[in-house]
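Trainee: Mind having a look at this structure? Questions to follow.
What follows is calculated from the coordinates using simple rules that are stated; it is not laboratory data. None of these values were measured; they are calculated from a predicted model. In this analysis, Cβ positions are derived from the backbone assuming ideal geometry, glycine residues included, and neighbour counts consider all displayed protein chains.
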Amino acid sequence: MTLACRTVWPAMGEVFWTAVALMLIFEGALPLLVPRAWRRMLTDLLQFKDGQLRFYGLLLVGIGAALLIWLD
């Protein structure tokens, strides 16, 4: 393993765990602050067809990827 790899990988791990922590904070904020609306949203999601959920997932992945590219 080269010196560059040894210095990059620990930093990438730190960024990854920071991203996971932020995701958990954002995911937990809605049920904490507005549990009734969050439950209603989940109930509405159950009514979606598979294609609609896949499109929603694709849209979120696309927005996330674009944001990463823009931030870099």
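Trainee: What pairs can you find where one residue is in the range 52-72 and of a type in the set (A, V, I, L, M), the other is surrounded by 10 or more Cβ atoms within 10 Å (Cβ to Cβ), and their Cβ atoms are less than 8 Å apart, with a gap of 6+ or different chains?
Mentor: Correct list of pairs: Leu53/Leu45.
Trainee: A further question on this structure: What is the residue count in the range 27-72 for residues that are small (Gly, Ala, Ser), closer than 21 Å to Val15 by Cα and loosely packed, with under 10 Cβ neighbours inside 10 Å?
Mentor: Qualifying residue count for the region: 0.
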